[in-house]
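First up is the structure itself, then whatever we jot down about it.
Any read-out appearing in this document is the output of simple, stated calculations on the displayed coordinates, not a laboratory observation. Predicted model, so just to flag it, every value in this text is computed and none were measured. All Cβ positions, glycine included, derive from the backbone under ideal geometry; neighbour counts span all protein chains shown.
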Amino acid sequence: MFENFAQRKKDEERMRAEGRLPPGQSLTNKFPVLHYGPVPSFDPTTWTFRAWGEVEQPLTLTWEQFNQLPRQRVRMDLHCVTRWSKFDTEWEGVSVRTLLEQGLLRLLPTARFVLQHAEFGYTTNIPLEVALAENFLLATHHNGQPLTPDHGYPLRGVVGAIPGRTDLKTPYLWKGAKWLRGLEFLQTDRLGFWEEAGYHNNADVWAEERMRF
């Protein structure tokens, strides 16, 4: 046990020296399970993914159709507002930009923000800039395996820091919704569940934007 602790602290100091550990964070080798409410059930025959709002035409995809979309793999560091950081995680899924490039989704010029809608009415909001960036993914797999139910199966939004990419904004992990069912494109920002409860709207990990108050 002591050897594991010593190695973790050594790895943590290495990440800090490399500039990859944000202020107030600690390294974890686990993947803590944190969410509000129960884990939903999944029926692939009735599940749909939707996109609507400031778009030319609303989009609805079945689970089969979603899995036929071009996929990407992204390696990211995850930073949770509860102060743990997990490094070099690998994710596979569909980028929002792919939906645009495939012509499945056409945004209106008025689209500025995205509200993620998940099961049980849960929501979280991000700027369009973040949704279209390389470090935001509509993910189905983690480290080569399908998501587990606790971590958002079958689909979750995931956002993190790509090592070496200082040009990308990095919000805390809650800005990617588990059990994602749709994206609403907005002209003006709308707070999500935790944002309404007092969490910081920007959630920049490097500025430690955890709470508004």
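Applying a threshold of 8 Å to beta carbon distances and a minimum spacing of six or more residues, or different chains, the list of pairs starting in the range 47-72 at a residue that is in contact (Cβ under 8 Å) with a residue 12 or more places away in the chain and among the polar types (S, T, N, Q) and ending at one that is surrounded by fewer than 15 Cβ atoms within 10 Å (Cβ to Cβ) and part of a loop (DSSP other than H, G, I, E, B) reads Q57/R106.
Among what's in the range 143-169 and is among the small types (G, A, S) and not in a loop (DSSP other than H, G, I, E, B), pick the residue that is farthest from L191 (Cα to Cα). Don't jump to the end; show me each part of the working.
Narrowing the range 143-169 to residues among the small types (G, A, S): 144, 152, 157, 160-161, 164.
With the extra rule that they be not in a loop (DSSP other than H, G, I, E, B), the set shrinks to 157, 161.
Values: G157: 17, A161: 23 Å.
Residue satisfying both the conditions and the ranking: A161.
Of everything in the range 14-31, what is in contact with a helix residue (DSSP H, G or I) (Cβ under 6 Å, 6 or more places away or on another chain) and within 15 Å of T166 (Cα to Cα)? Give them in sequence order. The one that is in contact with a helix residue (DSSP H, G or I) (Cβ under 6 Å, 6 or more places away or on another chain) and within 15 Å of T166 (Cα to Cα): L21. In the range 56-107, the qualifying residues are those that are more than 18 Å from the chain's Cα centre (by Cα) and of a type in the set (D, E, K, R), and the one that is nearest to N135 (Cα to Cα) is E101. Criterion applied to T140, T124 was being touching a Phe, Trp or Tyr at 6+ places or on another chain (Cβ under 7 Å), crowded, with 19+ Cβ neighbours inside 10 Å and either of a type in the set (K, R) or not in a helix (DSSP H, G or I) (or both), and the one residue passing it is T124. Of the numbered criteria (1) under 29 Å from G19 (Cβ atoms); (2) free of Cβ contacts under 8 Å to residues at least 60 places away in the same chain, the one T148 fails is (1).
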